[in-house]
1. For Leu158, Leu83, Leu63, what ranking results if the residue with the fewest other Cβ atoms within 10 Å of its Cβ goes first?
2. Which of the peptides 32-41, 50-59, 138-147 is most tightly packed, and how do the rest follow, judged by the mean count of other Cβ atoms within 10 Å per residue?
3. Tell me, what HN-Hα J-couplings in whole Hz come from the Karplus equation 6.51 cos²θ - 1.76 cosθ + 1.60 at θ = phi - 60° for each residue of segment 140-151, using x for Gly and Pro?
4. Using a 7 Å offset from the Cα along the Cα-to-Cβ direction at both Thr122 and Leu174, what is the distance between the two label points in nm, to one decimal?
5. Where does the charge balance sit around Gln60 when Lys and Arg score +1, Asp and Glu -1, over other residues with C-beta under 13 Å from its C-beta?
6. Provide the FRET efficiency to the nearest 0.05 for the Ala166-Glu93 pair, computing r from the beta carbons and using R0 = 35 Å.
7. Extension gain Trp19-Met130, at 0.36 nm per residue separation less the Cα-Cα distance, in nm?
8. With 10 angstrom as the radius, rank Trp85, Trp163 by how many other C-beta atoms surround their C-beta, starting from the fewest.
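All of the numbers you see were taken from the coordinates with simple rules; none came from a lab. Everything quoted here is computed from the prediction, not taken from an experiment. When we count neighbours, we look across all protein chains shown, and the Cβ atoms used for this are built from the backbone with ideal geometry, even at glycine.
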Amino acid sequence: MHHSTLALPQEPADGIAGWAADLVDAMGAPGAGLAVALENLFPPLPSEVILPLTGFAAGQGVLSIASALFWTTLGSVAGAVALYWIGMLFGRERMHALWARLPLVKVSDLERTEAWFARHGTKAVFLGRMVPIFRSLISVPAGVERMPMPVFVMLTTLGSLIWNSALVMAGYWLGDQWDVVETYVGFLSKAVLVLVVVAVAAYLAVRLKGRGTARHRRV
């Protein structure tokens with residue numbers, strides 16, 4: 001059986017694109033799945049590079065679109081399940097013990113977070129698959145809160161399939177311009193990160209101000 005070699009437009013010898021291209025060249029679609037599984041476990045690895053590159057590879061005949069979507073989604077689920085197990089093994093008791101040692105937070109904050117996850121956890125796991133960085137992180141509280149594994153796997157599969165399909169097909173259609181996807185999704189990632197940093201900073205500012213007021217009243 002003839003195996004096409006993936007030739008990138010600028011032939012990057014290093015970097016994430018070069019590493020992912022080597023994996024796809026060596027292993028085909030399972031290589032793309034492995035890259036995506038690692039991306040789930042190590043969020044700094046960007047799926048906005050790996051997935052469009054996989055679509056580009058499909059356009060070059062290195063692998064089929066069906067196998068690309070199957071293996072990248074399988075990789076997403078495998079990485080998410082690994083993080084789920086980490087959260088489950090860590091457990092609520094350890095989470096509460098760790099939380100109690102952290103400055104500026106109260107046990108009631110964690111309890112509110114748990115209550116929010118109990119109400120909205122299914123939406124968070126499903127939609128979180130389509131939000132850069134959070135698609136990795138959301139698996140840990142799902143494990144800590146012991147979301148039923150079949151539900152977790154189903155939501156992760158559906159959310160990952162939508163996200164992976166969008167980026168793989170974008171790379172397939174764009175061909176040599178597949179790296180344009182990274183620019184736009186990278187912008188989304190940075191916007192999400194900025195919003196999170198601002199939210200955390202605002203939370204800490206309110207909490208510090210509250211502590212300062214309480215201390216002033218005691219004096």
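1. Working: Leu158 14, Leu83 19, Leu63 24.
Lowest count first: Leu158, Leu83, Leu63.
2. Numbers: 32-41: 23.8, 50-59: 28.1, 138-147: 21.3.
Highest mean packing first, the order is 50-59, 32-41, 138-147.
3. Per-residue couplings from phi come out as 5, x, 4, x, 4, 7, 6, 4, x, 4, x, 5 Hz.
4. 3.4
5. Working: positive: none; negative: Asp25, Asp176.
In short, -2.
6. Values: r = 39 Å, r/R0 = 1.12.
About 0.35, to the nearest 0.05.
7. Working: separation 111, 0.36 × 111 = 39.96 nm, distance 2.33 nm.
Here the segment from Trp19 to Met130 would lengthen by 37.6 nm.
8. Trp85, Trp163
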